[in-house]
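*Asks:* Supplied in structure tokens, the structure appears directly below.
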Amino acid sequence: MADFSFQPTGSIFEEREALLEEWTPDKLVGRDKELQQYHAALQPVIEGETPSNIFLYGKSGVGKTAATRFLLTRLEYDAEQIAGLDLHRIEINCDGLNSSYQTAVALVNELRDPNNQISNTGYPQSSVYEFLFDELDKLGGTVLIVLDEVDHIQDDSLLYKLPRARSNDDISDVRLGVIGISNDLSFRNQLSSKVRSSLCEKEVSFSAYNATELQEVLRQREEVAFQNGVLDDGVIQMCAAYGAKDSGDARQALDLLLESGDIAREKNADLVTEEHVREARERLQTNQVIEGISNYSTHGQLVLWSLTILAKQGETPARTREIRDPYEQLCEQEGTDPVSDRAVREYLAELKTLGIISSTQENRGKGGGKYKKHELEQSVESVREGLSELFEAPV
Ligand SMILES: Nc1ncnc2c1ncn2[C@@H]1O[C@H](COP(=O)(O)OP(=O)(O)O)[C@@H](O)[C@H]1O
Ligand SMILES: [Mg+2]
């Protein structure tokens, strides 16, 4: 048996943590234009004026949250040097808070003592807003409320009330500014015009990173995360190029660099090489497939599971109608009615588009017509892993 004892290698990484999600750099690179606009939009705060409501948008991983933390930390620091300027920041991530009501409750609880919290039920919406405005007035000074991933809030009400609280006399003793952040580009356009005009007084759009900007981001982390000189020539360029091509998402590029380092360490290599990056990318793509499968519809998954059973038995490529048998058995086992042949064919076509299976057209020869054969494009293990979120013990 292989040796499974654990020994620190102390190789490759200096501080691996610096590549993880939680780590915030104290300097942001490659975002000069965005930071300048954002900085200007925050200027009224330091002048002691009523803050503008600011709306940030751009795809995920383009630095919106990081830029907000960076600038607000800086702003708080500079505000402390100014007599009479009393600045508070409240930051909330709206992922998981699906309504104005839940978000308002979360804000109230953020503002209140731990022993004076309110529950997510039991108060009419208007009372929750009253609690919120009371707490804000009590706090006084200047308050910036950051609503990160604000597109998760399904209804307009809070986004209407909060930016207008002062003009509607809901609050009187506090200068309030709302900073809304959205990953969903269409969110802004779906807002009613009266909400948009108050929530989006100043807008900053964050573009996707290009390869040059991603290189800057990656080099900055390299210094902290890796030991000197362990990244082979071309590794950073390659991660940045893939990152820019895929999505321009800094998180994805950082994940790729991290996985590459992990692979180098697994192989006891002295250097992280381009080969490691290629392998890392394949692994991460497999993970994405797994995630794709686990978010897929139940019958789509059952069809895939059927094909996986056939693959395990060495019976693939399999014809569409050969998939029917195991599929019907699985439906029975899971207590659900099978969908039509046509629907199964549609699921197979979708699975093909997702890159999970491949299908080839076969001709039966003279007058025999055509039929399709399907097989897995991914390993049985990774498909199985994706399916296991929905089913107890697939395959
Ligand atoms: N300009 C940058 N410099 C350094 N790190 C960055 C930069 N932009 C993004 N990151 C890092 O990339 C990840 C994603 O950024 P984040 O601000 O969370 O994106 P968003 O909020 O737009 O989805 C974070 O780990 C962040 O630290
Ligand atoms: Mg974010």
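Throughout, read-outs are computed from the coordinates displayed, never taken from laboratory work. For clarity, every value in this text was computed on a predicted model and none was experimentally measured. For neighbour counting, all protein chains shown are included, and Cβ atoms are generated from backbone atoms with ideal geometry for every residue, glycine included.
*Asks:* Can you run phi through the Karplus equation (6.51, -1.76, 1.60; θ = phi - 60°) for segment 187-202 and list ³J(HN,Hα) in whole Hz, with x for Gly and Pro?
*Replies:* Per-residue couplings from phi come out as 4, 4, 6, 7, 5, 5, 5, 6, 5, 4, 5, 8, 6, 10, 4, 10 Hz.
*Asks:* Over segment 139-223, what is the relative contact order in percent, taking alpha-carbon pairs closer than 8 angstrom and at least six residues apart?
*Replies:* Contact order relative to length: 35 percent.
*Asks:* As an exercise, use a Förster radius of 30 Å and the Cβ-Cβ distance of residue 358 and residue 388 to find the FRET efficiency, rounded to the nearest 0.05.
*Replies:* 0.85
*Asks:* Who wins for biggest fluctuation among 272, 128, 339 in a Gaussian network model of the chain, springs between alpha carbons below 10 Å?
*Replies:* 339
*Asks:* Can you spot the lysines whose alpha carbon is less than 22 Å from residue 138's alpha carbon? Ignore those fewer than 8 places along the same chain.
*Replies:* Once the sequence-local lysines are set aside, what remains near residue 138 is 161.
*Asks:* On to the next question. With a 10 Å Cβ neighbour count serving as the proxy for reagent exposure, in which order, fewest first, do 33, 64, 59, 27 appear?
*Replies:* With the fewest neighbours first, 33, 64, 59, 27 line up as 27, 33, 59, 64.
*Asks:* In addition: Over the chain, what is the mean sequence separation of C-alpha contacts under 8 Å (at least six apart), divided by residue count, expressed as relative contact order in percent?
*Replies:* Averaging sequence separation for qualifying contacts and normalising by length gives 18 percent for the chain.
*Asks:* Next question, about the same structure. Which of 4, 131, 226 comes first, and how do the rest follow, when ranked by fewest Cβ neighbours within 10 Å?
*Replies:* Placing the least packed residue first, the sequence is 4, 131, 226.
*Asks:* Sticking with this one: For helix 298-312, report the angle its Cα long axis makes with the longest principal axis of the Cα atoms of the chain; keep it between 0 and 90° and round to the nearest 10°.
*Replies:* On a 0 to 90 degree scale, this one is about 40.
*Asks:* Fewest to most neighbouring Cβ within 10 Å: what's the order for 270, 148?
*Replies:* 270, 148
*Asks:* Between segment 3-19 and segment 196-262, what's the alpha-carbon centroid distance in Å?
*Replies:* 23
*Asks:* Over segment 296-387, calculate the relative contact order: mean separation of alpha carbon pairs under 8 Å at least 6 apart, over the residue count, as a percent.
*Replies:* 35
*Asks:* Where in segment 1-85 are there GluC sites (Glu not before Pro) that are in a DSSP coil and have at most 12 other Cβ atoms within 10 angstrom of their Cβ?
*Replies:* Here the GluC sites (Glu not before Pro) that fit, given the DSSP loop and packing criteria, are 21, 22, 47, 49.
*Asks:* Taking the Cα atoms only, what angle lies between the long axis of helix 235-246 and the longest principal axis of the chain, rounded to 10 degrees?
*Replies:* Rounded to the nearest ten degrees, it is 90.
*Asks:* Can I ask one more? Nearest-5 percent of antiparallel DSSP beta bridges in the chain?
*Replies:* 30
*Asks:* Output ³J(HN,Hα) for segment 207-223: one whole-Hz value per residue in order, computed from phi by the Karplus curve 6.51 cos²θ - 1.76 cosθ + 1.60 with θ = phi - 60°, and x for Gly and Pro.
*Replies:* So the Karplus estimates, Gly and Pro as x, are 8, 5, 6, 8, 4, 5, 5, 5, 4, 4, 4, 5, 5, 4, 6, 3, 4 Hz.
*Asks:* In addition: Could you pull out every one of the lysines with an alpha carbon less than 27 Å from that of residue 27, ignoring same-chain neighbours closer than 8 positions?
*Replies:* The qualifying lysines are 59, 64, 202, 245.
*Asks:* With charges only on Cβ, +1 for K and R and -1 for D and E, what is the dipole size of segment 209-292 about its Cα centre, in debye, rounded to 20?
*Replies:* With only Lys, Arg, Asp and Glu charged at Cβ, the dipole is about 100 debye.
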